[in-house]
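Have a look at the structure below before the remarks.
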Amino acid sequence: MTSALGERATLVSVGGGPGFEVIQLARLRPGSSRWRVILLDAQPGMIAQGHWRRSRRVPPPERLLGDAVQLPFPNGSVDAVLSLGVLCCLTDDGADEAAAEAWRVVRPGGFVVLSVPRWRGAADDERHTRHGFARVAGTRPGRSVFRKHK
Ligand SMILES: C[S@@+](CC[C@H](N)C(=O)[O-])C[C@H]1O[C@@H](n2cnc3c(N)ncnc32)[C@H](O)[C@@H]1O
């Protein structure tokens, strides 16, 4: 997935919390310093924690207060949505809306990276495929990479 994103991708970490995954991304792909990374979270206290300051390999992400069910991005404007440990914070209806919002903002050919606990993995995978994503990788239900068709 990381090579398919290209050098100047825009990634949104929805429910990104303090930004731990941004640091993981830097380990996966050192060239990610050119990516635009946006950390969006509903809680000011979470994004204020700023763990990305511990990483010297990527610039600090942009930080946005926002809601997974109403993302402040135009249609098809995002290369990848990271959804790590977030859908399990939402109601079933909220998780459906968040999957629909991911579908709206991800560009054709773009990705969603999903991680939820095992017990709800199949349901959250299904939410994404129902909205049109194809599951292209994964280690188990709910730990999945989805792609929007081109
Ligand atoms: C378990 S933490 C995961 C944080 C981060 N993604 C990670 O893997 O380290 C869940 C995060 O989702 C955020 N969250 C919960 N509901 C949300 C919503 N509707 N919109 C945006 N963020 C939300 C919480 O504030 C919290 O920071």
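Against the test of being more than 16 Å from the ligand (Cβ to nearest atom) and of a type in the set (Gly, Ala, Ser), the options SER77, SER83, SER115 yield a single qualifying residue, SER77. Residue-level analysis places ARG130 outside the set of residues that are of a type in the set (Lys, Arg) and surrounded by 16 or more Cβ atoms within 10 Å (Cβ to Cβ). In this structure, does SER144 turn out to be assigned to a strand (DSSP E or B) and more than 13 Å from the ligand (Cβ to nearest atom)? So SER144 passes the test.
If I ask for residues that are surrounded by 15 or more Cβ atoms within 10 Å (Cβ to Cβ) and polar (S, T, N, Q), which ones from region 88-121 would you list? The one that is surrounded by 15 or more Cβ atoms within 10 Å (Cβ to Cβ) and polar (S, T, N, Q): SER115.
Any residue at all in region 53-66 that is modelled with pLDDT of 75 or more, in a helix (DSSP H, G or I) and either near the ligand (Cβ under 10 Å from one of its atoms) or crowded, with 17+ Cβ neighbours inside 10 Å (or both)? No. Here region 79-127 is the region considered, the condition is being in a strand (DSSP E or B) and β-branched (Val, Ile, Thr), and the residue that is farthest from GLY138 (Cα to Cα) is VAL106.
The values are calculated or read from the model by the stated rules, or taken from the named source; none is laboratory data. Just so we're clear, the structure is a prediction, and the values are computed from it rather than from any experiment. Positions of Cβ are generated from backbone atoms using ideal geometry, with glycine treated the same way; all protein chains shown enter the neighbour counts.
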